[in-house]
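Structure first, commentary second.
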Amino acid sequence: MPNQLHGKKYRTAEKNRDVAAMYLPKAALEIVKKSAFAKFDETVEVAVRLGVDPKHADQVVRGTVVLPAGTGKTVRVLVIATGDKAKDAEAAGADFVGADDMVAKIKDGWLDFDVLIATPDQMGKLGQLGRVLGPRGLMPNPKAGTVTMDVTRAIRETKAGKIEFRVDKAGNVQVPIGKVSFPIESLETNFTAFMDQIVRSKPASSKGVYVRNVSVSSTMGPGVKVDPNQYR
């Protein structure tokens, strides 16, 4: 019986994959590319179900990875810094650089940036913006490399395709790894880089099967299961 919750194009795309099958990464990504039907360049995403309990601090999986082939997205970077570090940020290609002036703009509702990088000495100013930045995932964090004195490196990595990931309350991690228009080799390279980092991020306290389920999909398309056994 066809799934009436989705449109005709989605149901047609579903026929490109066996819902019960588990594919190797390249084959799964090829199906995702073939199944994309939107008029825009859809984002390709990876969803991973982990065998961790995020309620325990020592089982929270989070980190960053630089996708070798980039994300296909233009990332607008704001740097909160002063003096030489502000000059470094401008030279490294930051889209916006400032300190008190930028904090004031954010207070007034300005949020036209994708990543916020700050030097440690400026974090006190950002604390008052926690309710604005936190829910949007924009608050700088040392673990994500966005609180740093090396603003040049942080900007270059971000512009080159660095993404941040964090497990949610249900034990899932979901990230973008490129666009449907990417060559299959680029998507596969990005997928491998992300999964390698997920495996390296396994908490010492995690018991049993760590990587339980893996799937890939495009923005509008159906999910395609990837065999998780190679990551166990």
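Summary table
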item: Residue-averaged 222 nm ellipticity for the chain, from DSSP H runs of 4+ at -39500 (n - 2.57), nearest 500; result: -8500 deg cm²/dmol
item: Charged-residue dipole, Cβ positions (Lys, Arg, Asp, Glu), the range 90-192 about Cα centre, Debye nearest 20; result: 340
item: Of all accessible heavy-atom area on the range 82-179, the percent that carbon and sulfur account for (1.4 Å); result: 48
item: Cα centroid separation - the range 1-74 against the range 167-202, whole Å; result: 9
item: With DNA, RNA and ligands ignored, accessible area of HIS6 (1.4 Å probe; Å², nearest 10); result: 70
item: Cross-link reach list, aspartates and glutamates versus LYS225, counting only Cα pairs under 19 Å and skipping chain neighbours closer than eight places; result: GLU14, ASP18, GLU30, GLU42, GLU45, GLU185, GLU188, ASP196
item: The chain - charge dipole about Cα centre, Lys and Arg +1 at Cβ, Asp and Glu -1, debye rounded to 20; result: 840
item: Kirkwood hydrodynamic radius of the range 122-232, from inverse mean 1/r over distinct Cα pairs, in Å; result: 16.6
item: Contour minus Cα-Cα distance for THR74 and LYS169 (0.36 nm per residue); result: 31.3 nm
item: Debye intensity ratio I(q)/I(0), log10, the range 55-142, q values 0.15, 0.16 Å⁻¹ (C-alpha model); result: -0.64, -0.72
item: Heavy-atom accessible area per residue - the chain, 1.4 Å, Å²; result: 53
item: Positive-end residue, the range 127-232 charge dipole about Cα centroid, Cβ charges, pick of GLY134, SER201, THR158; result: GLY134
item: ³J(HN,Hα) computed for each position of the range 7-24 - Karplus, 6.51 cos²θ - 1.76 cosθ + 1.60, integer Hz, glycine/proline x; result: x, 4, 5, 5, 5, 5, 5, 4, 6, 6, 9, 7, 4, 8, 7, 10, 9, 6
item: Selected from ALA104, PHE37, GLY145, residue furthest toward positive end of dipole (the chain; charges at beta carbon); result: PHE37
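The values are calculated or read from the model by the stated rules, or taken from the named source; none is laboratory data. These numbers come from a predicted model, not from an experiment. We place every Cβ from the backbone using ideal geometry, glycine too, and count neighbours over all the protein chains shown. To get the accessible areas, we keep the full protein, side chains included, count just its heavy atoms, and leave off ligands, DNA and RNA. Shrake-Rupley method; radii C 1.70, N 1.55, O 1.52, S 1.80 Å.
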